[in-house]
Amino acid sequence: MELDAAPAHCITCSDEGLPMRVLVLADESGLAICADESGADQSVAIDLLESVAVGDDILVHAGVAIAHMGRCRA
Amino acid sequence: MKFVDEYRDAELGRAVAGEILATVEPGRHYKLMEVCGGHTHSIYRYGVDDLLPENVELVHGPGCPVCVIPMGRLDDAISLAHQPNVIFTCFGDMLRVPGSHGTLLDAKAEGADVRMVYSPLDALRIARENPDRDVIFFAIGFETTAPSTALTLKRARADGIKNFFCMCNHVMILPPLRALLESPDLRLDGFIGPGHVCTVVGARPFEFIPVDYNKPIVIAGFEPLDLLQAIQMILLQLKEGRCEVENQYARVVPNDGNLRALEVMSEVFALRPHFEWRGLGFISQSALKLSDDYADFDAELRYSVPGVRVADPKACQCGEVLKGVIKPWECKVFGSACTPEHAIGTCMVSPEGACAAYYNFGRFAREREVV
């Protein structure tokens with residue numbers, strides 16, 4: 001089950017969650033710097049999450065973090 | 001990457017596939033719907049269906065937001081893009097989705113200023129950089145992308161930005177699921193629930209499926225092991241005569257969802273009385289518009305749009321594909337007149353669309369079977 005060259009998210013609608021790791025917390029613009037699966041940096045709005053810390057794994061949709069990964073156990 | 005790599009382990013995948021084989025009852029046919037287009041994409045991409053017994057059939061659901069947008073809304077979008085002094089922004093391949101007289105890409109070729117963005121926040125940045133022009137964002141998506149649009153509009157208002165507008169096409173997943181469950185065309189045994197929608201709305205809203213319709217649903221993640229485990233959990237419920245909402249994706253999905261996201265959405269959006277879905281027709285209270293409080297940002301109030309209902313091309317069977325009534329390859333134009341390069345229907349445009357996902361990945365396995 002190796003990854004192939006296909007895009008990891010839906011380029012049509014951005015409607016797919018991308019796992020990312022927080023590298024730098026939000027600046028005045030409210031955007032944190034996060035690394036995606038390939039290691040590339042991206043700016044992400046983290047306003048919708050509580051208590052985000054550097055090193056957290058988060059789920060990002062269309063440039064906005066909507067969930068923590070690994071924090072909840074239903 | 002943590003929480004990802006361990007869910008792509010091939011050996012574990014084969015082990016879960018063995019458990020599935022041991023769980024199914026010979027002679028019984030199982031029809032399970034993966035609601036989300038992201039699941040459809042993962043199933044074909046990783047060949048998950050190749051690991052299932054022949055009597056477990058996966059049916060694709062209506063959870064690709066591009067695929068369910070009717071042609072009339074595209075015509076409205078193209079009309080807005082042609083307005084003087086407008087910069088029209090939208091997600092990636094939305095440019096290639098056909099309206100009745102062409103695509104947004106055609107509009108761009110004709111001189112309209114149409115730009116691709118990854119996030120509504122990118123569209124807001126364009127508005128900041130172009131204060132003398134109106135910037136319209138074509139907002140689509142389920143409860144996963146709706147919070148991004150809502151957050152962007154809140155920021156626009158907080159920053160006093162007056163030249164940013166939104167054409168809102170956000171839809172919700174529960175109303176079409178209920179419509180499908182009421183449909184006489186379709187017999188389903190269970191559902192693979194949309195994991196990322198549930199990060200926002202939580203698991204509880206799906207309880208009507210076991211309670212009212214006596215069907216199990218398991219909320220699932222998007223890696224191949226997530227899907228295999230979710231399928232095994234549904235089959236186990238059926239075997240044991242149970243019927244409930246289970247959460248396979250517990251590492252991400254809380255039962256109550258994301259309360260901040262829900263709060264922002266309820267502030268910025270209001271329910272539309274009804275909305276047209278491609279293939280499913282009009283479904284009441286299934287889509288969002290901007291609330292009265294945010295009416296100043298509503299592109300459809302700022303500009304008039306045709307608002308004309310347009311029938312799908314006759315050759316296109318996206319509706320039947322979206323309802324799970326036919327498989328992509330059973331459509332008359334699949335892979336011939338309709339390909340990702342020259343799509344007739346929306347299901348072939350979006351990588352999450354069942355037709356495109358099958359065209360890009362699944363058809364090779366089927367060709368091997370046929371040979």
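The numbers here are math on the coordinates, done by the rules we state, and not lab data. Please read all numbers here as calculations on a predicted model, not as lab measurements. Backbone-built Cβ (ideal geometry, glycine too); neighbour counts: all protein chains shown.
Would you mind giving the mean number of other chain beta-carbons within 10 Å of the Cβ of each residue in B:141-149, as a whole number?
If you average over the peptide's residues, the count of other-chain Cβ atoms is 6.
Which whole number gives the average, over all residues in A:46-53, of C-beta atoms from other chains lying within 10 Å of the residue C-beta?
For this peptide, the per-residue mean of nearby foreign Cβ atoms is 3.
Say R0 is 45 Å: what FRET efficiency, to the nearest 0.05, do residue B:128 and residue B:244 get from their beta-carbon distance?
It comes out at approximately 0.40.
Report relative contact order for segment B:1-109 in percent, whole number only (criteria: Cα-Cα under 8 Å, sequence separation at least 6).
21 percent
Using helices alone, I'd like the mean residue ellipticity at 222 nm for the protein assembly as shown: each DSSP H run of four-plus residues gives -39500 (n - 2.57), total over residue count, nearest 500.
Calculated mean residue ellipticity at 222 nm is -8500 deg cm²/dmol.
Per residue of B:251-263, count partner chain C-beta atoms within 10 Å of its C-beta, then hand back the mean as an integer.
Taking all residues of B:251-263 together, the mean is 5.
I'd like to compare A:50-63, B:14-27: which one has the highest average count of other Cβ atoms within 10 Å, and what's the full order after that?
Ranked by mean Cβ neighbours within 10 Å, highest first: A:50-63, B:14-27.
Could you rank the peptides B:163-174, B:114-125 by their average count of other C-beta atoms within 10 Å per residue, with the highest value first?
Taking the mean over residues of other Cβ atoms within 10 Å, the ranking is B:163-174, B:114-125.
For labels at residue B:271 and residue B:207 in the simple 7 Å Cα→Cβ model, what's the distance in nm?
Taking the two extended label points, one gets 1.8 nm.
How much length would be gained if the chain were fully extended between residue B:342 and residue B:320, taking 0.36 nm per residue of separation minus their Cα-Cα distance, in nm to one decimal?
Stretched out fully, the residue B:342 to residue B:320 stretch lengthens by 5.9 nm.
Report the full-extension gain for the segment residue B:187 to residue B:100: residue separation times 0.36 nm, less the Cα-Cα distance, to one decimal in nm.
28.0 nm
Order these by the 10 Å Cβ neighbour count, fewest first: B:215, B:332.
B:332, B:215
Relative contact order, percent, of chain B when contacts are C-alpha pairs under 8 Å separated by at least 6 residues?
That works out to 22 percent.
Subtract the Cα-Cα distance of residue B:284 and residue B:260 from 0.36 nm times their separation in residues, and report this length gain in nm to one decimal.
Result for the pair: 6.1 nm of gain on full extension.
Enumerate by residue number the trypsin sites (Lys or Arg not before Pro) in segment B:187-275 meeting two conditions: DSSP loop (anything except H, G, I, E, B), and at most 10 other Cβ atoms within 10 Å of the site's Cβ.
B:187
Output the 0 to 90 degree angle, nearest 10, between the alpha-carbon long axis of helix B:37-46 and the longest principal axis computed from the alpha carbons of chain B.
Once rounded, one gets 50 degrees.
Give the calculated FRET efficiency between residue B:9 and residue B:115 to the nearest 0.05, with a Förster radius of 35 Å applied to their Cβ-Cβ distance.
0.30
Need one number: nm distance between label points at residue B:22 and residue B:159, each 7 Å from Cα along Cα→Cβ, rounded to one decimal.
Reported label-point gap for residue B:22 and residue B:159 is 5.6 nm.
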